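The values are calculated or read from the model by the stated rules, or taken from the named source; none is laboratory data. These numbers come from a predicted model, not from an experiment. Heads up, the Cβs are rebuilt from the backbone with ideal geometry, glycines too, and the neighbour counts pull from every protein chain shown.
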């Protein structure tokens, strides 16, 4: 049953009143004023009840606030997903994983994560140091170990508009373009921020996304992705590229 307790006093004020009543009760008892001591005890019990009700009320308020915040967060995720053409559903009474199907490994291995298994030169600490360097470290590794295709795809992602390349890959598909029409996919376009024209002089209202558009898109910002994380995601969908990978392309 919801609490009907109402007070304008703070928790500190109620606790101070309890402390004063306890002191008054003890002083009265020490002075042989037992009736007065009993009266202070009764008032102390009443204030204790008030304090407990106050704590219940505040706890309920915090729970309500947390529920509201969670619902607000879910609404934001659903709105962002809807704008990207994705669906977000609540998993009600849906068993996603059976405990018998999960293989967690030994606790020391599970706790350390994947890092120790990568055998990175210098060990896990060196690996995390490299990870902390972000996009610079990725660029250096591609320059050092990447193939010509890796380097071209890296430069395409970082320095060109999506779809602004005639290079083809499997089945002659162009990156970020519809495999049938060859046109830049709508999900890889944004509103043009300057006057643009097609080869025949037709004005363009859209342009292909550049790397900063991916970094600053709503879902990437909402997920607080770093430039390195965005690059990794765009690399995945670009290297695979033809775009039956619509969901990946939209950071799903």
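Checking the structure you have, find out if any residue of the range 145-153 is at negative phi, in contact with a strand residue (DSSP E or B) (Cβ under 9 Å, 6 or more places away or on another chain) and in a helix (DSSP H, G or I).
Applying the first criterion (at negative phi) to the range 145-153 yields 145-153.
Still in the list and also in contact with a strand residue (DSSP E or B) (Cβ under 9 Å, 6 or more places away or on another chain): none.
Taking every residue of the range 145-153 in turn, none turns out to be at negative phi, in contact with a strand residue (DSSP E or B) (Cβ under 9 Å, 6 or more places away or on another chain) and in a helix (DSSP H, G or I).
Select from the range 157-179 the residues that are modelled with pLDDT of 90 or more, assigned to a helix (DSSP H, G or I) and out of contact with any helix residue (DSSP H, G or I) (no Cβ under 7 Å at 6 or more places or on another chain) and list them in ascending order. Once the filter is applied, which keeps residues that are modelled with pLDDT of 90 or more, assigned to a helix (DSSP H, G or I) and out of contact with any helix residue (DSSP H, G or I) (no Cβ under 7 Å at 6 or more places or on another chain), the range 157-179 yields only 159. All told, residue 97 falls short of being modelled with pLDDT of 75 or more and either surrounded by 10 or more Cβ atoms within 10 Å (Cβ to Cβ) or outside the structural domain of residue 223 (by TED's automatic domain parsing) (or both).
Go through the range 3-53 and give me each residue that's part of a loop (DSSP other than H, G, I, E, B) and at pLDDT below 80.
Here is the first cut: in the range 3-53, the ones part of a loop (DSSP other than H, G, I, E, B) are 3-10, 31-33.
3, 4, 5, 6, 7, 8, 9, 10, listed by residue number.
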